[in-house]
1. On the full set of protein chains, 1.4 Å probe, figure out the accessible area of A:LEU718 and give it in Å² to the nearest 10.
2. Can you divide the C-alpha Rg of region A:182-267 by 2.2 N^0.38 Å and report the result to two decimal places?
3. Could you pull out every residue, at least 5 positions away or on a different chain, whose amide H is within less than 5 Å of the one on A:LEU166? Hs are placed 1.01 Å off N in the peptide plane, and Pro or chain starts have none.
4. Just list whichever of A:LYS142/A:LYS583; A:LYS99/A:LYS628; A:LYS153/A:LYS550; A:LYS54/A:LYS142; A:LYS12/A:LYS625 have alpha carbons separated by over 30 Å in the model shown.
5. In what sequence, largest accessible area first, do A:HIS20, A:HIS537 appear using a 1.4 Å probe?
6. Give the calculated FRET efficiency between A:ALA763 and A:GLU621 to the nearest 0.05, with a Förster radius of 35 Å applied to their Cβ-Cβ distance.
7. So between A:VAL722 and A:GLU130, what do we pick up on full extension, going 0.36 nm a residue minus the alpha carbon distance?
8. Please sort by residue number the GluC sites (Glu not before Pro) in region A:431-482 whose DSSP state is loop and whose Cβ has at most 12 other Cβ atoms within 10 Å.
Amino acid sequence: MERYDFASVEAKWQKYWEDHDSFKAETGSPKKKFYALVEFPYPSGFGMHVGHIKAYSGLEVVSRKRRLEGYNVLFPIGFDAYGLPTENTAIKTGVHPRKVTDNNIVKFTSQLKKVGFSFDWSRVVDTTDENYYKWTQWIFLKMFENGLVFRDKTMVNYCPSCKVVLSNEDSQGGKCDVCHSDIVQKTKEVWYLRITEYADKLLTGLDNVDYLPNIKLQQENWIGKSTGAFVNFSIKENDEKLRIYTTRPDTLYGVTFMVIAPEHPIIEKYRDSIGNIDALDAYKAECAKKSEFERTQLVKEKTGVKIEGLTGINPITGKEIPIYISDYVMMGYGTGAIMAVPAHDTRDYDFAKKFGIDIIEVIKGGDISKEAYTGDGEMVNSDVLNGITNKKDAIEKVLTVLEEKGCGEKGVQYKMKDWAFNRQRYWGEPIPIVHCPECGMVPVPYEELPLRLPPVDNFEPGSDGESPLAKIESFVNCTCPKCGGKARRETDTMPQWAGSSWYFLRYCDPANDSALASKEALEYWMPVDWYNGGMEHVTRHMIYSRFWHKFLYDIGEVNTDEPYAKRTAQGLILGPDGEKMSKSKGNVVDPNDVVAAFGADVLRVYVLFMGDYEQAAPWSEDSMKGCKRFLDRIWQLQDKLVDGDEFRPELIGEMHRTIRKVTQDIEAMKFNTAIAAMMTLLNKLYDAGSVNKAEYAALLTILNPFAPHITEEIYFNLFGKVLSEQEWVGYDEALCVDSTIEIAVQINGKVKAKINIPSDAEADAAIAAAKENADVKNAIEGKNIVKEIYVKGRIVNIVAK
RNA sequence: GCGGAUAUGGUGGAAUUGGCAGACACGAUAGACUUAGGAUCUAUUGCGUGAGCGUGCAGGUUCAAGUCCUGUUAUCCGCACCA
């Protein structure tokens, strides 16, 4: 057999699949449906990354297996193409983002096709296509209509030199990532989506989906539901109430001070009666230099300033307590004010130690002279709560008292914040709202969608951090859809997350121009049966898209309340140096180079063989050679072909076990061990010196999802049929077990011998057989047998003294 | 600081979930075939000359521990000091 020419074989089968629409999903087919979803790529100018290949190869294998099992499979791909890098390229090169995006999509498409992924190419979506973003805007308007959109002021990181608002990531250390000038914190009015309204639904929805446990946990922590109490503290000097939130109302008797966020409005309200307002202003200014990111990130000593002229009063004890401002309290969570219980909270403890504030123990069990005690115990120094030993009872009791006094009540808080939903950028979906001096915010009428991005040549941001759109008079100036008067268009665009929040719905019916997708298509395909992607998207993207989906469910647009039935995640591919691949480190591997040098099948097999699919693993070209050898040996096996329509007796067990292992491992995403099992089988066939047609056909079939090109070619050579149009191979559980097996015999837990016994041997027979063994006899000679253990098919252990 | 993970030969990683640690690969060594080999094939390959010892470290439970428990260290990822 001549050497395998991967380049021509791969091109040949890729053309065959394309010509025959081999992977086209058919809406409405009577076959059982299977919807496999992978995270669509952002088409960056650098092209694809081997990480993309690993990310898609998992469900690629599952999808190909499902088709062989007779399913109607939807395995789509598309492009999440709005985003900053494209806009920056446009600013740098003067090429329009539309053009940049189109070029990149062409590049990505060609790369993906060269790997032989079985995507349904007739359903490609592009979030920047006006037929797509029309519906993104439509969903936004529906949310607006339903009260889920609002505007509010917030602090943003602003680079005065670049004139842009920056993410925390791009402003670390208080310096702009691009120009390194100092970042300032600036108040800005921004758009929000009221995702917090769905917090509880997003949380309880997790009960009915099959996500990996750590994925569920991360989402739960992100939503961060806590139950506690709101308590109103009076202010001695005036009739103000300072409202706090606490998860530990049971420690109310241990409160020795209060802390409010530096931005808390009470300071402005009473600035005239505060004695040290200059010191407070100075501290506040200091805090304003830091982003919220830094305030929370840095491990540092507590800082703060006591407020002179405002004194709190504990509503339950009547005791007067000092109030401080400190940056460890955030305006964005709870009420921006806390009651501090240094004896039982580590942060409060650190603060109290630094400022010499009293520490009162109210729960026994720790040593509060050394550290805060956060565990459970008997309540002390707490009047009516004294003697209670159970946190839950104490909380219930104190809540009753608070409610009687009318100064507090039970409350629920979520860590999750509302979603800041706008960017001052060009390359995004225009927000379809008009600002009318008479009517206020007016939605663009549905029939006017899509609200198109106007053509622009200059993508530099407008003055003062405005979107480039603000400079386009013809776009900004418009008439109010409601009153017909002069009005101005909103010039901000949506964040990149918008388009990816519903793309899985569009795949069901990508060309529909009267709805985001037809009811029939949605009913047929949804929910997504299996969604795989990166760990970095399990909070933000997944929560955002679940939110949109739940909203669409509530207004009757979709038929399932959860979009994804199952979610898994793959691990990163690290560079050969074990570091995360990045352009700056120069350790990025281009899949095109690999395909050219080794072939697509080798690349596909290697990214799945390199380690546990869910773990990160470093790239190694040496290791990849092993996969190349494996496939070459699969090819060369054609020289060893003999006749035979059934597995030969000496190979039956091996064949059935391998088929079972591959069948099961694919479902569990244990691709590495599935491939190892096929390698083992191949070695056994070479040991046997030959392979018959039945054995070869079975091996090619189970290998097909991993290495489709080479298996199609060999199968077609041997049988004149197209393998991807055949059926998956079954296995017989009973034939997986050989009649005799080798087991280990331990004496006192140490392996002393190996014996062969019938696989169905009972304990007595197995132990008797073990005792026949010379080494075992030797080892127990003259000793008392204390215990004999036989674990079926595994081990004999004899305990002897 | 909080949350989540991880730790096994020279390397990537297996281990039926408490039952023979190191499957399968890579690399290395020796040999074969070759004008040649970064091709292919064959053999060996956890450490130790040995009894033995070995899954980050220290204990514990068990007939039996990589796996369970207690403590501890290091590394990675995420984060919003979340009251």
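1. Per-residue accessible area (A:LEU718): approximately 40 Å².
2. Here the answer is 1.56, to two decimals.
3. Result for A:LEU166 returns A:ASN157, A:TYR158, A:CYS159.
4. Beyond 30 Å between Cα atoms: A:LYS142/A:LYS583; A:LYS99/A:LYS628; A:LYS54/A:LYS142.
5. A:HIS20, A:HIS537
6. Rounded to the nearest 0.05, the efficiency is 0.10.
7. In short, 209.2 nm is gained.
8. Answer in residue order: A:GLU438.
The values are calculated or read from the model by the stated rules, or taken from the named source; none is laboratory data. Keep in mind that what you see is a predicted model, and the values were worked out from it rather than measured. As a convention, Cβ positions derive from the backbone with ideal geometry for all residues, glycine included, and neighbour counts pool all protein chains shown. In case anyone asks, the SASA skips ligands and DNA or RNA and just uses the protein heavy atoms, side chains included. Shrake-Rupley method; radii C 1.70, N 1.55, O 1.52, S 1.80 Å.
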